[in-house]
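Let me begin by presenting the structure, written as structure tokens, before commenting on it.
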């Protein structure tokens, strides 16, 4: 299905054409008709599948621009994702009088409220800041027709479950609820059963955990060889843009100190930086003013970097879900991309989990490890028995002699 086949306002069609949107992605094709029809919806979809536009198009379609109140509310877990949403909505609504705005912590509440007083139709918010404003300002949600929870699993992972339930409780009037998530943990099921009204369920993650336009490459190496191997890959792969993921702030800083002496246009981003600096770095990276971004998992959720050709996992991800979200920063919206993950012997179990859960056929760049389960031979079994006996001996101090039977008397 194509965007120009959607029954939406001509102004929206004009904007979509200008943005270069032609064919719908699978998640858009399966969700847009239901959302436009007013149904509640739960969508489980891979990262980079086009969920933002799947929300934004129906919201811009349904809002009444003559009514200068908040009519659509989008909850997201991070400031960066909030700003990305507003950018997408503003582009789709560029030929209308519809205003969108984002509120989040770390910025003046008075300034944000001033903007809301001038009239905002679509509000994007982080849960904590929204609740602060509900308590301390004149912000009201009485005219909200549609509530969207995006990255719902991540929102709950960050401890926002009570905040989200409180926001649901503020919307006592009839409204549409849309929930987007990469996974369906018990907490998400609870929200769905409690607050959604007979929702349509769209599940696109079950059979296609990884985007088909993404090539999954792996490098088997010694931990001490990672830096040299990374420099070789940068030289041979020549990425258009790349995100290099580390598992910690310290790891980011160490890799940055090494790379800034070797290559140009490299920056790092992690949770220890203030929000204004992070926002500036994201904006510069999106505009291709930064070639290589070293990052912790703060850059792994939801953010859309259209020109990122490579994701390199310098540190192996902590979970299969983390792998999905990291590698989802490339190959977005059907574009081609390459994920390269460094694996060391200590990563072998997590590697097996990632390949199994994400249904990945790995491409090995160089030597491939033996991923088959080790067979238990006689020698191994004998060693295990020896260890077990030694353990029993240590437990008892010394081995107890077997009790002798009473000997028959010779007298």
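Please state the Cα pair-distance histogram of the chain with 10 angstrom bins from zero: what percent is in each bin?
Going from the shortest bin to the longest, the percentages are 4, 20, 27, 22, 12, 6, 4, 3, 2, 1, 0, 0.
If eta is 0.890 mPa s and T is 25 °C, what Stokes-Einstein diffusion coefficient results for segment 1-131, Kirkwood Rh from Cα pairs, in µm²/s? The partial results should precede the final answer.
Working: Rh = 15.3 Å.
Reported coefficient: 160 µm²/s.
Whole-Å semi-axes of segment 74-176's equivalent ellipsoid, largest first, each the root of 5 times a Cα gyration tensor eigenvalue?
Numbers: eigenvalues 77, 50, 45 Å².
Those come to 20, 16, 15 Å.
What is the spin-label model distance, in nm, from residue 189 to residue 4 if the labels are put 7 Å beyond Cα along the C-beta direction?
Taking the two extended label points, one gets 4.5 nm.
Sum -39500 (n - 2.57) across every DSSP H segment of at least 4 residues in the chain, then divide by the residue count to get the 222 nm mean residue ellipticity, nearest 500.
On the way: 15 runs with 164 residues, N = 411.
Taken over the chain, the calculation gives -12000 deg cm²/dmol.
Pull out the extension gain between residue 115 and residue 29, defined as 0.36 nm times the separation in residues minus the alpha carbon to alpha carbon distance; nm, one decimal.
Details: separation 86, 0.36 × 86 = 30.96 nm, distance 3.41 nm.
Here the answer is 27.6 nm.
Hey, fewest Cβ within 10 Å first, where do 217, 246 land in order? Don't jump to the answer; show the numbers that get you there.
On the way: 217 17, 246 21.
Least to most surrounded, the residues fall as 217, 246.
For segment 132-289, what does the relative contact order come out to in percent, with C-alpha contacts under 8 Å and a separation of six or more? Could you put the intermediate results ahead of the total?
Numbers: 69 pairs, mean separation 24.4, N = 158.
This gives 15 percent for segment 132-289.
Against the longest principal axis of the chain, how steep is helix 26-36, in degrees 0 to 90 to the nearest 10, with axes from Cα atoms?
The two axes meet at around 40 degrees.
Going by average Cβ density within 10 Å per residue, which order do the peptides 27-39, 9-21 take, highest to lowest? Walk me through the intermediate numbers first.
Working: 27-39: 18.8, 9-21: 15.4.
Result, highest mean first: 27-39, 9-21.
How tilted is helix 161-170 with respect to the longest principal axis of the chain? Cα atoms for both, answer in degrees (0 to 90, nearest 10).
Tilt of helix 161-170: around 30 degrees.
How would you classify segment 133-180 from its alpha-carbon gyration tensor, with a ≥ b ≥ c the square roots of the eigenvalues: rounded for a/c under 1.5, else prolate if a/b is greater than b/c, otherwise oblate? Walk me through the numbers before you get to the answer.
Numbers: a/c = 2.33, a/b = 1.30, b/c = 1.80.
Verdict is oblate for segment 133-180.
Using every alpha carbon pair in segment 102-251, what percent of pairs falls into each 5 Å bin from 0 up to the bin containing the largest distance?
Computed distribution, short to long bins: 1, 6, 13, 14, 13, 12, 10, 10, 8, 6, 4, 1.
What is the Cα centroid distance between segment 176-202 and segment 5-47, reported in whole angstrom?
20 Å
Contact order normalised by length for the chain, with contacts defined as Cα pairs under 8 Å and 6 or more residues apart; what percent is it? The partial results should precede the final answer.
On the way: 673 pairs, mean separation 71.2, N = 411.
Reported as a whole number, the value is 17 percent.
Which semi-axis lengths, in whole Å and largest first, follow from the square roots of five times the eigenvalues of the Cα gyration tensor of segment 163-322?
Numbers: eigenvalues 265, 72, 44 Å².
Each semi-axis is the square root of five times an eigenvalue, giving 36, 19, 15 Å.
If all Cα-Cα distances of segment 13-84 are sorted into 5 Å bins from 0 onward, what percent lands in each bin, rounded to whole numbers?
Spelled out bin by bin, segment 13-84 gives 3, 13, 22, 25, 23, 12, 2, 0 percent.
Mind checking the angle between helix 275-286 and the chain's longest principal axis? C-alpha axes, 0 to 90 degrees, to the nearest 10.
80 degrees
Laboratory data are not the source of any read-out in this text; all were calculated from the coordinates shown. Here the structure is a predicted model, which is why all the values come from computation and not from measurement. With ideal geometry, Cβ positions are generated from the backbone for all residues, glycine too; neighbour counts draw on all protein chains shown.
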